[in-house]
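J.: Mind looking over this structure? Questions follow.
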Amino acid sequence: MAANEFIYGFHAVQSRLRSHAESVTELYVDDDRRDQRARNLLQLAEELKVRVRPVDRSRLDGMVGNDKHQGCVARVTTVKLAVSIDDVLAYLTEPPLLLVLDGVQDPHNLGACLRLADVLGAHAVIAPKDRAVGVNATVRKVASGAAEIVPFIAVTNLARTLRELKDQGVWIMGAVGDAEQDLFSAKLKGPIAWVMGAEGEGLRRLTREHCDELVRIPMFGSVDSLNVSVASGICLYETRRQRHTSA
């Protein structure tokens, strides 16, 4: 993230204040907001000694390029999370649980995936640098603070990354609609990387070929496909459920 980027929305801003207050150089708040949510934010900023500037709502619109900021925008500097897969794996005290996104281009989907990764204890989200969305302001808002916590690792060559994960003992699970095996019969208690395909396209052929195992999510209604973030949540949750029951 470049220096002096803006993040916005109450969840994203409060999460950054709580986790990395030193990175918030200035907080801009709609001077017309007097509700409890705004008061709580101002109190937190005061406790953390972060400078607050009341501004007109139109100025906030101009800062972030839309009106979805909820009346709060923070100017922030870079926060260093893990920058490589080796950084992530080096300090784990449990089997790795990773989420790999193969070409997801919708920032709302990426934001939702980061949020789910945080909720369900995934240790990192991995995605290709090309033909995929990166972490931007929209992603941060949708992620509701998870983008400041969950390492997001953009890789040059996804197929090579999957091979390297295999070399480190991580089992590569691909979620596809036409797999013979379903999710409930898969064994998910060891080191796992879940690989999810892009919106409408699924896994690319080369990515699919690098998976150790392919499974489908059982469907019980008339809908035959799921949003990538929903599918990610189901697979991560089932992994956590199996690990919990075997503990």
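The values are calculated or read from the model by the stated rules, or taken from the named source; none is laboratory data. Note that this is a predicted model, so its numbers are computed, not measured. No Cβ is skipped: glycine too gets one built from the backbone with ideal geometry, and neighbour counts run over all protein chains shown. In case anyone asks, the SASA skips ligands and DNA or RNA and just uses the protein heavy atoms, side chains included. Shrake-Rupley method; radii C 1.70, N 1.55, O 1.52, S 1.80 Å.
J.: To the nearest 0.05, how large is the calculated FRET efficiency for V119 and D87 if R₀ is 30 Å and r is the Cβ-Cβ distance?
T.: For V119 and D87, the calculated efficiency is 0.85.
J.: What net charge do the residues around M219 carry, taking every other residue with its C-beta under 14 Å from that of M219, with Lys and Arg at +1 and Asp and Glu at -1?
T.: -2
J.: Find the accessible area per residue for the chain; the probe is 1.4 Å, ligands and nucleic acids are left out, and the unit is Å².
T.: 50 Å²
J.: Could you tally the net charge around D32, taking each other residue with its Cβ under 9 Å from the Cβ of D32, Lys/Arg +1 and Asp/Glu -1?
T.: The answer is 0.
J.: Sequence neighbours fewer than 8 away in the same chain don't count; with that in mind, list the lysines whose C-alpha is under 29 Å from K141.
T.: Within reach: K49, K68, K80, K129.
J.: Please work out the Cα convex hull volume for the chain and give it in Å³ per residue.
T.: Expressed per residue, the convex hull around the Cα atoms of the chain is 151 Å³.
J.: Further question on the same structure: For region 6-47 and region 167-209, what is the centre-to-centre distance using only Cα atoms, to the nearest Å?
T.: 39 Å
J.: By how many nm would the segment from E209 to T156 lengthen if fully extended, with 0.36 nm per residue of separation less the alpha-carbon distance?
T.: 17.3 nm
J.: Okay, moving on. Which whole-number percent is the relative contact order of region 28-92 (Cα, under 8 Å, 6+ apart)?
T.: 37 percent
J.: Around A198, with a cut-off of 14 angstrom between Cβ atoms, what is the net charge of the other residues, counting Lys and Arg +1 and Asp and Glu -1?
T.: Once all neighbours under 14 Å are counted, the net charge is -1.
J.: Measure off 7 Å from each Cα along the Cα-to-Cβ vector at L48 and F220, then give the distance between these two points in nanometres to one decimal.
T.: Inter-label distance under the simple model: 4.1 nm.
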